[in-house]
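Student: Below you will find the structure I want to go over with you.
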């Protein structure tokens with residue numbers, strides 16, 4: 001590969017990274033505005049947020065195309081190969097996170113027809129944690145920072161615990177407010193899944209930088225703790 005081609009290849013890798021950051025920033029914004037719409041019952045904001053999901057979907061297709069073109073034309077090896085294959089997986093998690101933010105907006109539009117209700121305070125906390133995890137996972141990808149990525153993985157259990165804590169309070173509301181309680185539970189589930197996708201990204205970053213597969217290790221540790229407690 002001559003020097004000119006080297007520069008062109010580096011430019012293509014930078015453009016791939018920038019495209020992923022652009023997509024990630026849109027997904028992060030979707031999570032923020034989806035929860036703002038949900039909290040304030042703002043139907044217009046919910047609809048505007050749902051429209052961004054179409055942009056996210058198109059970005060996923062564009063990035064997939066970039067990755068496949070790089071793999072075919074450049075035949076990357078070692079760290080570049082891990083970067084590109086990680087990018088292919090990462091955008092899938094981002095796209096699904098955008099879908100989940102859109103789902104929150106759909107539940108918001110459904111709740112417009114019901115009387116105002118008190119929102120479980122754990123839901124905004126879950127949203128803040130999931131949003132923070134997404135941001136940190138993307139930063140760990142850009143900066144090739146496995147330490148930050150591992151911290152994202154560790155935080156997933158906090159979101160899981162918050163989600164589990166919503167069950168008693170919302171379950172008690174099922175008898176009197178079944179439609180509302182079900183939608184609140186759904187929002188909690190969507191936020192928990194966004195945190196899971198952020199965790200997937202972080203786990204892939206660790207593999208990209210260190211070559212170590214850590215996926216499923218957190219689940220294995222949780223099962224071990226339950227065995228010890230039983």
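Read-outs: derived from the displayed coordinates by stated rules, not from any lab. Since the structure is predicted, the reported quantities are computational estimates derived from the model, not experimental observations. Quick reminder, even Gly has a Cβ in these numbers, built from the backbone with ideal geometry, and neighbours come from all protein chains shown.
Student: Using only the alpha-carbon atoms, how far is helix 78-111 inclined from the longest principal axis of the chain? Give it as 0 to 90 degrees, nearest 10.
Tutor: 20
Student: For residue 113 and residue 48, FRET efficiency with R0 = 22 Å and r from the beta-carbon atoms, rounded to 0.05?
Tutor: Working from the Cβ atoms, E equals 0.65.
Student: Follow-up. Measuring from label point to label point, each 7 Å out along Cα→Cβ, what is the residue 148 to residue 79 span in nm?
Tutor: 1.7
Student: Taking 8 Å as the Cα distance limit and 6 or more residues as the minimum spacing, I'd like the relative contact order of segment 3-229 as a percentage.
Tutor: Here the relative contact order equals 24 percent.
Student: For segment 3-229, go through all pairs of different Cα atoms, get the mean of 1/r, take its inverse, and jot down that Kirkwood value in Å.
Tutor: The answer is 18.7 Å.
Student: Helix-only mean residue ellipticity at 222 nm, the chain, DSSP H runs n ≥ 4 weighted -39,500 (n - 2.57), per residue, nearest 500. What is it?
Tutor: The helix-only estimate for the chain comes to -31000 deg cm²/dmol at 222 nm.
Student: Oh, and also: If you rank 48, 148 by fewest surrounding Cβ atoms within 10 Å, what's the result?
Tutor: 48, 148
Student: Right, something else. Round to the nearest 10 and give me the degree value, 0 to 90, for the angle of helix 146-172's Cα axis relative to the longest principal axis of the chain.
Tutor: Helix 146-172 sits at roughly 20 degrees to that axis.
Student: Please report, to two decimal places, log10 I(q)/I(0) for segment 9-51 at q = 0.25 Å⁻¹ as given by the Debye formula with identical point scatterers on the Cα atoms and no solvent.
Tutor: Those come out to -0.76, one per q.
Student: Picking from 189, 69, 107, which is most flexible by a Gaussian network model of the chain using Cα springs under 10 Å?
Tutor: Top of the fluctuation ranking is 69.
Student: Give me the number: length gained by fully extending residue 12 to residue 71, i.e. 0.36 nm times residue separation minus the C-alpha to C-alpha distance, one decimal in nm.
Tutor: Residue separation times 0.36 nm, minus the Cα-Cα distance, leaves 20.1 nm.
Student: Taking Cα atoms, how many degrees apart are the long axis of helix 3-40 and the longest axis of the chain, rounded to 10 and kept between 0 and 90?
Tutor: 0
Student: When the chain is fully extended, how far beyond the present Cα-Cα distance does residue 62 get from residue 213, taking 0.36 nm per residue of separation?
Tutor: Extra length from residue 62 to residue 213 when fully extended: 51.7 nm.
Student: Which of 147, 199, 108 ends up with the largest GNM mean-square fluctuation for the chain, with Cα atoms connected below 10 Å?
Tutor: For the chain, modelled as a Gaussian network with Cα springs under 10 Å, the answer is 147.
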